[in-house]
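So the structure is just underneath, and the comments pick up after that.
Just so you know, all these numbers are worked out from the coordinates, no wet-lab data involved. In this text the structure is predicted, and so the values were computed from the model without any measurement. No Cβ is skipped: glycine too gets one built from the backbone with ideal geometry, and neighbour counts run over all protein chains shown.
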Amino acid sequence: MSGRELPEKGETPLTRERRAHYRLSWSQRLARNARPANAPRLGALLHGLPTHFFERFGSPAQAGA
């Protein structure tokens, strides 16, 4: 199924204004998706890059792994 549902017989489809009523504003979306300040730091492990790359850009801990 494509994710779009057809209205049941007798139901009227929502108008553009009615659909917009249920959408979040950009400020609401950003607030919902915001990462908390006390969340642990994100890290990434990159394979295939030379050790001096990590040393130069401030992540020598990753270079030894």
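Loop-located trypsin sites (Lys or Arg not before Pro) in segment 12-41 (DSSP state not H, G, I, E or B) with no more than 14 neighbouring Cβ atoms inside 10 Å: Arg23, Arg41. In order along segment 34-44, phi translates into HN-Hα couplings of 5, 8, x, 5, 8, 5, x, 5, 7, x, 9 Hz, rounded to whole numbers, per the Karplus curve 6.51 cos²θ - 1.76 cosθ + 1.60 with θ = phi - 60° and x for Gly and Pro.
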